[in-house]
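Participant: Sharing a structure with you now.
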Amino acid sequence: MPISWTLAAEESLAEILKYYEFEVSEEFSEAIEERIYSQVDKLEGFEESIPRSDIYPGTRKLVISKLPYVAFIRELPTGSWEVVDIVHTSRKIP
């Protein structure tokens with residue numbers, strides 16, 4: 001089953017992509033989007049192989065390769081998985 005995204009995660013990703021589109025280029029932003037979605041999609045069926053997060057209880061932490069971002073995912077009661085948030089590694093998280 002595909003990994004879904006919460007509204008908060010979609011909004012975080014949209015902010016990330018807006019930043020790169022403004023600061024670099026639309027093409028660069030699209031490449032970032034592709035890399036993030038690709039790495040999340042590759043998790044399907046292997047979600048439990050990534051480490052548990054100490055930051056968000058009940059989630060697992062996927063470090064996005066070659067980018068300074070981390071995606072937090074959780075298992076839902078139905079057994080499906082969703083991306084809860086995606087954050088820059090330098091961001092201070094409560």
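The values are calculated or read from the model by the stated rules, or taken from the named source; none is laboratory data. Keep in mind that what you see is a predicted model, and the values were worked out from it rather than measured. Glycine gets a Cβ as well: all are built from the backbone with ideal geometry, and neighbour counts include every protein chain shown.
Participant: Being in contact (Cβ under 8 Å) with a residue 12 or more places away in the chain, loosely packed, with under 12 Cβ neighbours inside 10 Å and of a type in the set (Gly, Ala, Ser), is that true of even one residue in the range 14-27?
Facilitator: No; the residues of the range 14-27 include none that is in contact (Cβ under 8 Å) with a residue 12 or more places away in the chain, loosely packed, with under 12 Cβ neighbours inside 10 Å and of a type in the set (Gly, Ala, Ser).
Participant: Which residue out of Pro2, Pro77 is modelled with pLDDT under 95 and touching a helix residue (DSSP H, G or I) at 6+ places or on another chain (Cβ under 8 Å)?
Facilitator: Unique residue meeting the criteria: Pro2.
Participant: Enumerate the pairs (first residue in the range 30-49 and under 14 Å from Phe72 (Cα atoms); second residue anywhere and of a type in the set (S, T, N, Q) and outside any helix (DSSP H, G or I)) with beta-carbon separation below 9 Å, excluding pairs fewer than 6 apart on the same chain, so at least 6 apart or on different chains.
Facilitator: Gln39/Ser65
Participant: Test of understanding: among Leu17, Leu43, Leu62, Leu67, which residue is at pLDDT 95 or above and not small (Gly, Ala, Ser)?
Facilitator: From the options Leu17, Leu43, Leu62, Leu67, the qualifying one is Leu17.
Participant: Can we say Ser29 is touching a helix residue (DSSP H, G or I) at 6+ places or on another chain (Cβ under 8 Å) and of a type in the set (S, T, N, Q)?
Facilitator: Yes.
Participant: Just to verify a result, which residue in the range 72-94, among those that are in contact with a Ser or Thr (Cβ under 9 Å, 6 or more places away or on another chain) and among the hydrophobic types (A, V, I, L, M, F, W, C), is farthest from Ile3 (Cα to Cα)?
Facilitator: Across the range 72-94, the extreme among qualifying residues is Val87.
Participant: So, one more: Which of the residues spanning the range 30-60 are assigned to a helix (DSSP H, G or I) and either of a type in the set (Asp, Glu) or within 18 Å of Thr89 (Cα to Cα) (or both)?
Facilitator: Glu30, Ile32, Glu33, Glu34, Arg35, Ile36, Tyr37, Gln39, Val40, Asp41, Glu47, Glu48
For every residue, the table says whether it meets (1) surrounded by 18 or more Cβ atoms within 10 Å (Cβ to Cβ); (2) of a type outside the set (Phe, Trp, Tyr).
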{"residue": "Gln39", "(1), (2)": "no, yes"}
{"residue": "Lys42", "(1), (2)": "no, yes"}
{"residue": "Ile55", "(1), (2)": "no, yes"}
{"residue": "Lys61", "(1), (2)": "no, yes"}
{"residue": "Ile64", "(1), (2)": "no, yes"}
{"residue": "Leu67", "(1), (2)": "no, yes"}
{"residue": "Phe72", "(1), (2)": "yes, no"}
{"residue": "Gly79", "(1), (2)": "no, yes"}
{"residue": "Asp85", "(1), (2)": "yes, yes"}
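Participant: Kindly indicate the residue of the range 61-81 that is of a type outside the set (D, E, K, R) and assigned to a strand (DSSP E or B) and also farthest from Ser29 (Cα to Cα) among those meeting that condition.
Facilitator: Trp81
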